[in-house]
Amino acid sequence: MPGLELAHNWLVKKTRNIRSMSVLDFTDWLSGCKWLKGFRSSKSNGRTQSEPFYLRSLEISEKKFGPWHPQVALALDHLADFYREEGRYDEAEPLYRRALNISEKALGPEHPQVGLILEGYAHLLLNKKCFREAKDVGKRAISIRMKHAKEELTK
């Protein structure tokens, strides 16, 4: 997976400079390590072991950036995705809603991060058999992603 490889390479690069890191850089690095370990655990047989890493990543992001930062929204989205994949829909839904609220306020309603969160939320709604709402959310996610894909193509 290209995203996983990029995350891994970023962490390796940061690790080389760990002795000279500021406290903020270190917490950013630590949050990335926790997320990567959680992601790897969730993709293997140790799915249940990964929840503490997602929770810790969220905790670190909230302490470092504050509760209304887009980075916190991403940590919430990762945890919500994990819960959705585990079938823990009632735990996932408020996390998606909070992540969406933060991202829309901080980045705007048409930002690619909003589209990404909407995509996961639409999958959750499908899993919950809320088909009409899933369709509306999914359409919005696709619209945002298509808009930004067109912008990238015209650059």
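Quick note: the coordinates plus some simple rules give every number you see, no bench work behind them. Treat the numbers as computed from the prediction; the structure is a model and nothing was measured. All Cβ positions, even for glycine, are placed from backbone atoms using ideal geometry, and neighbour counts span all protein chains on display.
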Discussion item. Report the Cα centroid-to-centroid distance between the stretch 110-154 and the stretch 70-98 in angstrom, as an integer.
Written reply: 15
Fill in: Entries in LYS105/LYS139; LYS64/LYS150; LYS105/LYS147; LYS63/LYS105 that, when Cα-Cα distance is taken, lie over 23 Å
LYS64/LYS150
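For SER57, SER50, what ranking results if the residue with the fewest other Cβ atoms within 10 Å of its Cβ goes first?
By the 10 Å Cβ count, ascending: SER50, SER57.
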Worksheet item: Using all Cα-Cα distances in the stretch 93-155, what percent lands in each 10 angstrom bin from 0 up to the longest?
Response: 24, 50, 22, 4
Worksheet item: So how do LEU118, LEU58 line up by other beta-carbon neighbours within 10 Å, fewest first?
Response: LEU58, LEU118
Item to complete: Arrange ASP77, ASP90 by Cβ neighbour counts within 10 Å, fewest through most, would you?
Response: ASP90, ASP77
Item to complete: Assuming R0 = 22 Å, can you tell me the calculated FRET efficiency for the pair ARG88 and PHE131, based on Cβ-Cβ distance, to the nearest 0.05?
Response: 0.60
